[in-house]
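Below: one structure, written as structure tokens.
Each reported figure results from applying straightforward, stated rules to the coordinates on display, with no laboratory input. Predicted model only: the values in this text are computed from it and were never measured. Neighbour counts run over all protein chains shown; Cβ positions are idealised from the backbone, glycine included.
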């Protein structure tokens, strides 16, 4: 799995104001009396915190193997009551071992080392909402502690698991992203190194995810539980939901990774994926009440996707990850529920037909070649077939006239079109849709260069289909020029839409006095093969113009097709 570089990430986190942020409230100074009250309250609070810290220090001196359990319970009781002192308490403990950690010493098994490790386990495995206090303990006072050692040394000294490293790094990412001190070089260095930490932690994290099992999953009857068991279950789920919140709001983990992990979680907890894809911010019904906290995090993620523009979502996925697989299927389902299929198909299909036209790298220049349009004809054709299968299975039916209209806005980029991209594009469509597209091009495009290249590529496709696994147009059931007749001559002119396209292209070229040896050769060959199909195509085009509600160009078009008819008569005389 690819992780985006931290300094390359452009997406903004949905959690712009984190619940982990340490916010302070300033009391309005309406009068000197209110100022005095605020100062007195702050003073009392400060004195109370000092007293609590002193109490914690005394408790740590009484720690030994025999008193460990009862003393740590007392420590946590105080911390849970006065959580604001926790960062200072942790900072004092960690500072004591700063030099030892910086020297890459082995774990000393001292009371202080054991207590810090115990607290790290307590935070990551029991109280993930306390992660903010751990981050504060390491970063406050201009990050003096992190001048002594780096995160790698810290993790290694306490032999933290990959899951613990990962959730701490995710908390760091969130803290740094929401920090007001954007110019702190230590925080910048940590943020830029997070990608490496994530990469190192992923293998162990995947194992942890595989083995993680909530207690409520192990119970045959979830209703027969006492209150204590319910509390334990809620705490377990909170741990997982907190991790999920940090992970899904990470700017460094890529969009595909998030979708993959969500898919794994949905399967693991037997959640109904359709419930997430179909719900929006106005939905209040809880469909997965057994895992409501996990349900909410996934639901919020899908809501954020639903509010994103489809093109921006593709950019987030990355140009090398745009394959017709589950990720793209999920996105198309969401677009269908958002009544946004036309736009989604326009973007996808124009990118397939005119590779790089959508600039899906997010950059206006540079390499914009996406995995949707590989250079290999066989690979490109396979992508088109897979996308067609997705559309069929999900019953995705856009307004094709709207889609083709948007696609033809890129007809000036005809040079981008290749035999591979055209094969892939046509494979995305069924027979009826291919006919519709070719007719749309014939009736609506005036770009001679685009029509000429389309006609040439259609011919090239047919000539090479048996050798390069491209689409075989002769096998398609397109509308024929003559009904009840077989294509015994194996010519593309047998298909009405292609015959009309050829005549339209030649007519436009003749009207502009454009000569092209390749087109002339093609026309001569087709005329000798099936002259009656060409004549019928002219009639069809004349009839189309006659029935066209916009008649202002009909006279010009009639002259164009009459010119082609004259050319046909001339060729008859030659023969």
Per residue and in Å³, how big is the convex hull formed by the alpha-carbon atoms of the stretch 320-450? 105 Å³
Full-extension gain in nm, residue 110 to residue 323, via 0.36 nm per residue minus C-alpha separation: 71.4 nm
Can you give the FRET efficiency for residue 466 and residue 412, using 1/(1 + (r/R0)^6), R0 = 35 Å, r = Cβ-Cβ distance, to the nearest 0.05? 0.60
Residues in the stretch 337-376, backbone N under 18 Å from the label point at residue 385 (7 Å along the Cα-to-beta-carbon vector): list them, ranges by number please. 372-376
Stretchable slack from residue 475 to residue 209, in nm (0.36 nm times residue separation minus alpha-carbon distance): 90.9 nm
Cut-off is 10 Å between beta-carbons; in what order do 157, 540, 122 appear when sorted fewest neighbours first? 122, 540, 157
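Arrange 76, 264 by Cβ neighbour counts within 10 Å, fewest through most, would you? Write out the running numbers ahead of the final one.
Values: 76 16, 264 13.
Least to most surrounded, the residues fall as 264, 76.
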Would you order 196, 516, 295 from fewest to most other beta-carbon atoms within 10 Å of each residue's own beta-carbon? 196, 516, 295
Grab the Cα-Cα distance for residue 122 and residue 49, subtract it from 0.36 nm times how many residues apart they are, and report the gain in nm with one decimal. 24.1 nm
Kirkwood-based Rg/Rh on the Cα set of the stretch 410-519 evaluates to 0.94
Quick one: Debye curve from the alpha-carbon atoms of the stretch 38-211 only, equal weights, vacuum; give me log10 I(q)/I(0) at q = 0.09, 0.13, 0.17, 0.20 Å⁻¹ to two decimals. -0.33, -0.70, -1.17, -1.51
Residue 525 paired with residue 74, simple spin-label distance in nm, labels 7 Å along Cα-to-beta-carbon: 9.5 nm
Here FRET efficiency (C-beta to C-beta, residue 514 to residue 444, R₀ 22 Å, nearest 0.05) is 0.65
